[in-house]
Amino acid sequence: MHDLVIRGGTIVDGSGEPRFVGDIAVDAGRITSVGNVTAPGRETIDAHGLIVTPGFVDIHTHYDGQATWDSEMAPSSWHGVTTVVMGNCGVGFAPAKPDKHQWLIGLMEGVEDIPGTALAEGLTWDWETFPEYLDALEKRPRTIDVATHVPHGAVRAYVMGERGARNEEPTADDIAQMAAIVAEGVKAGALGFSTSRTILHKSIDGELVPGTTAQKDELIAIGRAMGHVGHGVFEMASDLKREWDEFGWMAQMSRETGLPVTFAMLQSIAKELPWQEQMAETAKANAAGANIVAQIAIRGTGVVMAWRGTVHPFKFRPSWQAIDALPWAEQWAHLCDPAFKAKLLAEDNVWPESDVMPLLMAIALGWQLQYEMGETFDYEPTQAETLHAMATAAGQEPAHYAYDLLCRDDGTGFIYFPILNYADGNLDFVKGLLEREDTVISLSDGGAHCGTICDAASPTFLLQHWARDRARGTTSLENAIRRQCRDTARLYGLNDRGLIAPGYLADINIIDLDGLKLGKPWLAFDLPAGGKRLLQKADGYAWTIKNGSVTFRAGVMTGALPGGLIRGPQAVPAAAALAAE
């Protein structure tokens, strides 16, 4: 008798091969049989009419703090994700000297918009070194598995102190110490190293992330340290300035160490290289023996604007500034006052000093770039759906329309502003990227941008929009599943998951594809110290299974916590290796 049998589902196994109807047997947390299972199970799931997929592997998240206090790991766990990789973009909480705790919190708050008050209350800081941080992570069971990078910002500050925090040039001894710390972290179980090289990433005090201006000798030395250990992914977010020759040193490092280098590939005003050139440089480097993989987002990186969010179009007007620090009840009373509304709408914006002024102006005045978010919002909206177009159709000024929109449903209206990946007003360019082998689906930022972005739902969006609903052209369901299961897992050496085959982890989703539907986001105030975060659920996930245990049933957490910490690459299961021979 098997522990669990899933019967009659349409299996999309993660390989990219055509779907088929069959059964799956699970024993001791592993898949033991796929096809026609005759023996009964202690638990049986009837999956007729449903699709059965591997659990999703999300490689770009920021649960570094949340993973130390939370076991549910929402919102990613609500969207079929059974494995996350965190510690991206050069920010994290280890290594950490005691006098740098608050500084690291401010760095994470500034870069990833995670409330500092929540981090200050939630983090226990029962670690200093990176191996000790992994030990702390290992103590807590979860609905999902977690893995992490060693973050450049924390390493630089640990070795160089204020010099590192200020992005000063390191000495040869500094570089040697940083490389040793990264090697120590990778040996202890980190899956790689991450760094940030973009002006968009700043601490709460406006300082660039340590390592932003690091020279290639520092970066390559760290890559070599991982190479000597024998594994590790080098992850980077960069503005890709031509003078930095990022593809030159990335290719050199990858060829020399044999390790993959992966970077955030976006259609972005902050990047000097257009996306076409980014991909051309990737292909050129790989043709010469490198292993560079472009991390792609599958929808516009969209700021979700609301009165209680981090930003909204009226944030820079004097009347809003006057009530910005008030409790919500008092703010709402002002917003409902016709006299306050008239005064605010008559005001000009008062701009703060900023090196991203075009972005601030687009937030406050970009009515032709912003969209109304309703219950059935399409994340690939058209120009006819911009706030400017909607206001014109309603015979209103765009600012008046936006104010009233934000006030809907007791002040819980949302405006969507895709700041990246939507320069063309559509996602056509993404379709080709989904078919390329030098890209990987990423950039959900689960656990981060709590008051601005809610892209942890990207796995659901991939199935709902790209594999089912998109009027401008879809990708196959088989490709969609492969891209966010096998491909993401293999990049990080997690060869024990991402496929439905004998020997692999029993990380499984059972989904009503016809009924799959993203819900409307909402702002919750459920982080430690009442910190806020944008959340989004979805209908259609009938069962999510981690290591053979049902963790979510019809979208509701069961209480099972079979997930843990991943330490280092995971081998191809013996059963699968034998089958391949």
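When the residues Leu200, Leu462 are ordered by accessible surface, computed with a 1.4 Å probe over the protein chains alone, the sequence from largest down reads Leu200, Leu462.
Here the label points at Leu345 and Arg468, each 7 Å from Cα along the C-beta direction, are separated by 3.9 nm in the simple model. In terms of accessible area, using a 1.4 Å probe and ignoring ligands and nucleic acids, Thr171, Thr38 rank largest first as Thr38, Thr171.
Suppose R0 equals 45 Å; then what is the FRET efficiency for Asn426 and Thr38 from their Cβ-Cβ distance, rounded to the nearest 0.05?
0.35
Overall, the anisotropy analysis places the stretch 156-264 in the oblate class: the square-rooted eigenvalues a ≥ b ≥ c of its C-alpha gyration tensor yield a/c not less than 1.5, with a/b not exceeding b/c. In the context of the full set of protein chains, residues of the chain present 36 Å² of accessible surface per residue (probe radius 1.4 Å, heavy atoms only). Calculated mean residue ellipticity, 222 nm, the chain: -9000 deg cm²/dmol, from DSSP H runs (n ≥ 4) at -39500 (n - 2.57) each, averaged per residue and rounded to 500. The length gained on full extension between Ala288 and Met357, counted as 0.36 nm times the residue separation minus their Cα-Cα distance, comes to 20.9 nm.
Put simply, the convex hull of the Cα atoms in the stretch 437-487 casts, on average, a shadow of 4.2 nm². Expressed as a whole percent, the proportion of Cα-Cα pairs in the chain lying more than 35 Å apart is 37%.
Hydrodynamic radius of the stretch 1-158 by the Kirkwood approach over all distinct alpha-carbon pairs: 17.9 Å.
The Rg/Rh ratio for the stretch 80-162, using Cα coordinates for both the radius of gyration and the Kirkwood hydrodynamic radius, is 0.95. Which residues in the stretch 285-327 place their backbone N less than 16 Å from a point set 7 Å from the Cα of Asp409 along the Cα-to-Cβ direction? Hits in the stretch 285-327 for Asp409 at 16 Å: 304-309. The solvent-accessible area of Met361, taken with every protein chain present and a 1.4 Å probe, is close to 90 Å². With only Cα atoms counted, the stretch 465-581 has Rg and Dmax values of 17.1, 54 Å. The dipole here belongs to the chain: it is taken about the Cα centre, uses +1 on the Cβ of Lys and Arg and -1 on the Cβ of Asp and Glu, and is about 780 debye.
For the stretch 105-182, the set of GluC sites (Glu not before Pro) satisfying both a DSSP loop assignment and a count of at most 16 other C-beta atoms within 10 Å is given as Glu128, Glu168.
The alpha carbon gyration tensor of the stretch 201-279 gives principal lengths a ≥ b ≥ c with a/c of 1.5 or higher and a/b no greater than b/c, which makes the shape oblate. Measuring max minus min along each principal axis, the C-alpha atoms of the stretch 360-484 give extents of 46, 30, 26 Å (largest first). Beta bridges per DSSP, both residues in the stretch 167-273: antiparallel share near 10 percent. Extending each Cα 7 Å along its Cβ direction at Ala280 and Asp126, get the distance between those two points in nm, one decimal. Here the answer is 5.4 nm between the modelled labels. Taking 0.36 nm per residue of sequence separation and removing the Cα-Cα distance, the Thr376/Met1 pair yields an extension gain of 130.6 nm.
Computing Rg and the Kirkwood Rh from the Cα coordinates of the stretch 428-517 gives a ratio, Rg/Rh, of 0.97. Across the chain, C-alpha contacts under 8 Å between residues 6 or more apart give a mean separation that, scaled by the residue count, equals a relative contact order of 21 percent.
Once the C-beta distance of Asp324 and Lys139 is scaled by a Förster radius of 35 Å, the resulting FRET efficiency is 0.35 to the nearest 0.05. Spatial offset of the stretch 107-121 relative to the stretch 168-220 amounts to 20 Å, using the alpha carbon center of each. Shown for the chain: the carbon plus sulfur share of the solvent-accessible area, taken with all protein chains present and a 1.4 angstrom probe, equals 52%.
When nucleic acids and ligands are ignored and a 1.4 Å probe is applied, Lys284 ends up with an accessible area of around 140 Å². Between Lys520 and Ser15, the FRET efficiency estimated from the beta carbon spacing at R0 = 35 angstrom works out to 0.50.
The values are calculated or read from the model by the stated rules, or taken from the named source; none is laboratory data. These figures come from a predicted structure and were not determined experimentally. No Cβ is skipped: glycine too gets one built from the backbone with ideal geometry, and neighbour counts run over all protein chains shown. Just so you know, the surface numbers come from the protein's heavy atoms only, side chains and all, with ligands and any DNA or RNA stripped out. Shrake-Rupley method; radii C 1.70, N 1.55, O 1.52, S 1.80 Å.
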